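Chemist: Structure in structure tokens, see below.
The values are calculated or read from the model by the stated rules, or taken from the named source; none is laboratory data. Just so we're clear, the structure is a prediction, and the values are computed from it rather than from any experiment. Quick reminder, even Gly has a Cβ in these numbers, built from the backbone with ideal geometry, and neighbours come from all protein chains shown. When the accessible area is computed, the model is the full protein with side chains, heavy atoms only, and any ligands, DNA or RNA have been set aside. Shrake-Rupley method; radii C 1.70, N 1.55, O 1.52, S 1.80 Å.
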Amino acid sequence: MADVTQSDMTPNEKKILIALGTLRSPQYPQHLAKFSGLSVEASVQSAFLLQEKGLVKIIEDINTNYKLTNEGSDYANNELPERQFIDYINKLDEGPTINELKVKFGPKFVGIALGWLRKKEWVQIDGGQVLSNGPQEPGKDEELLNQIQEDNVIDSLLQIESYQQAIKNLIKRNLIEKSEDKTIKIEITESGMDIYKSGITLEEEVAQLTSDLIRTGSWKDKHLRAYNIDAPVQPVYGAKTHPYQRLIDEMRQIFLEMGFTEIKGEIIQSSFWNFDALFQPQDHPARDMQDTFYLDSTGDVPPEYTDSVAAMHEHGGDIDSKGWGGKWSREQAKKNVLRTHTTANTIKYLADNPNPPVKAFCIDRAYRRETIDPTHTPEFEQLEGVVMDEGMSFSNLLGLLREFYHRVGFADVRFRPAYFPYTEPSVEPEVYIEGMGWIELGGAGVFRKEVTEPLGIKYPVLAWGLGVSRLAMLRLGLRDLRTLYQSDIDWLRKSPVCKV
């Protein structure tokens, strides 16, 4: 970098350099602004210009903060569900049954507590009886929960892997929230200090010659700002569709060109359409509060399907199936949720249109209780599709999926056997990415008769679903899923419209 002189600096830059040279220590923008007499915005802008000249250094600090959610505040005061349970069980002469616990604490509370009791290996279940493994010392999650409540988190603990995992579990359980505050400090460099020590002269600077200055000749007595002919021109970016939206539009167009009908559905769905109609058992772990957003409302269970779906769950209905056993609960099926997948839309569409042919797809948002990280978010886009017609087979499904992925831009496609609760046979399509290998991009299969029979669907149904955001990460070369949802104007401007 060429030597910088006072003539290369604006008056505001000089004021910042004088302030830093006087104070002799890194400063926050607010303090620097107060000392220099500039606004905070002008102070930061001048500091970045001085950093380009090598006269100051911008130091970024990221402070991570944790605070209790409403649910976390309740548990910090009343102890975690599993702690309440183990303390209660240890007071008894013999282990209670699960039904006894449900009567005392309620089914929802028992479901949450038992899941964590087994995960922490505090209890074992034998023949429906819950047996304690003995008194348990407070866990790291309990320790951190109380520290956060008292606003006294010990930073050194967060460097230990076991405490980091405890933090992740508390966030996943929606007991705490994580936030990050970014701050900067501005520090003068040796070069900046040399200029400061040489003495800085503040004088009025003229940034633009006016006709009045030229006519009167007063420009001769003014200090004119130096004009840098080597300075790069300001880049110009044309307007364009968001890269993620552009990819969604591209996939939508592919299915429309293949003769599919696009469908939409409600974000709020009853558990009946989100789970029960898809033959997902009512005690399936995916229904837990840890995985699903339940609402304080209920929906209607269609009476024309209630008996047939209940019979299928309880004993397999009138087909060669054993169902799931147990008693199917209409009340549980009425509970409203934020849809966990767009399959809730397609199965309802099939029930309303049981006569072939049906070729439909849906690209829409789904919601699950996920910890936000580079590969997960609580809300995400999903592409769902179905084909229902006489004579449809598994080979038709593979051919359709292969055609779709080819049109999206993946040359190599293969299929790996998989298991899903409502399709059989089932596969996971994989595409080959140079440098990454084979990447799984969704799930597919043929709807089981346990799904179609109760709804009056008499023909084979091919079904598939894929996470649009994962595909977008591959197409756009991203490492962090959150980039798709953040308003990073620099990334949006520089993201190409197409590959050349």
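Chemist: Go through (1) of a type outside the set (Phe, Trp, Tyr); (2) out of contact with any strand residue (DSSP E or B) (no Cβ under 8 Å at 6 or more places or on another chain); (3) in contact (Cβ under 8 Å) with a residue 60 or more places away in the chain one by one and return the number of the condition residue 92 breaks.
Modeler: Of the numbered conditions (1) of a type outside the set (Phe, Trp, Tyr); (2) out of contact with any strand residue (DSSP E or B) (no Cβ under 8 Å at 6 or more places or on another chain); (3) in contact (Cβ under 8 Å) with a residue 60 or more places away in the chain, the odd one out for residue 92 is (3).
Chemist: Can you pull out every residue in region 164-184 that is open to solvent by less than 40 Å² (accessible area, probe 1.4 Å) and under 17 Å from residue 109 (Cα atoms)?
Modeler: Within region 164-184, 170, 173, 175 meet the criteria.
Chemist: Of (1) open to solvent by 50 Å² or more (accessible area, probe 1.4 Å); (2) at pLDDT 90 or above; (3) in a helix (DSSP H, G or I); (4) in contact with a helix residue (DSSP H, G or I) (Cβ under 9 Å, 6 or more places away or on another chain), residue 48 satisfies all except one. Which?
Modeler: Among (1) open to solvent by 50 Å² or more (accessible area, probe 1.4 Å); (2) at pLDDT 90 or above; (3) in a helix (DSSP H, G or I); (4) in contact with a helix residue (DSSP H, G or I) (Cβ under 9 Å, 6 or more places away or on another chain), residue 48 violates only (4).
To keep it simple, each residue is scored yes or no on (1) polar (S, T, N, Q); (2) touching a His at 6+ places or on another chain (Cβ under 6 Å); (3) more than 30 Å from residue 113 (Cα to Cα).
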residue	(1), (2), (3)
162	yes, no, no
171	no, no, no
174	yes, no, no
221	no, no, yes
232	no, no, yes
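Chemist: What is the number of the single condition among (1) among the small types (Gly, Ala, Ser); (2) within 30 Å of residue 29 (Cβ to Cβ); (3) surrounded by 10 or more Cβ atoms within 10 Å (Cβ to Cβ) that residue 207 does not meet?
Modeler: In the conditions (1) among the small types (Gly, Ala, Ser); (2) within 30 Å of residue 29 (Cβ to Cβ); (3) surrounded by 10 or more Cβ atoms within 10 Å (Cβ to Cβ), residue 207 misses (3) alone.
Chemist: Of the numbered conditions (1) open to solvent by less than 30 Å² (accessible area, probe 1.4 Å); (2) in a loop (DSSP other than H, G, I, E, B); (3) of a type outside the set (Phe, Trp, Tyr), residue 144 satisfies every one except a single condition; which is it?
Modeler: (2) is the only condition that residue 144 fails.
Chemist: Okay, moving on. Given the criteria among the charged types (D, E, K, R), outside any helix (DSSP H, G or I) and within 30 Å of residue 29 (Cβ to Cβ), does residue 61 qualify?
Modeler: Yes: the conditions hold for residue 61.
Chemist: Which ones in region 51-68 are β-branched (Val, Ile, Thr), open to solvent by less than 70 Å² (accessible area, probe 1.4 Å) and within 34 Å of the chain's Cα centre (by Cα)?
Modeler: Passing the criteria: 58, 59, 64.
Chemist: Answer yes if at least one residue in region 131-141 is under 28 Å from residue 293 (Cβ atoms) and open to solvent by 30 Å² or more (accessible area, probe 1.4 Å), and no otherwise.
Modeler: Within region 131-141, one or more residues are under 28 Å from residue 293 (Cβ atoms) and open to solvent by 30 Å² or more (accessible area, probe 1.4 Å).
Chemist: Name the single residue, out of those in region 195-237 being of a type in the set (Val, Ile, Thr), more than 20 Å from residue 11 (Cα to Cα) and part of a helix (DSSP H, G or I), that is farthest from the chain's Cα centre (by Cα).
Modeler: Looking at the filtered set, the residue picked out is 216.
Chemist: What residue, of 177, 187, is over 28 Å from residue 377 (Cα atoms) and of a type in the set (Asp, Glu)?
Modeler: 187
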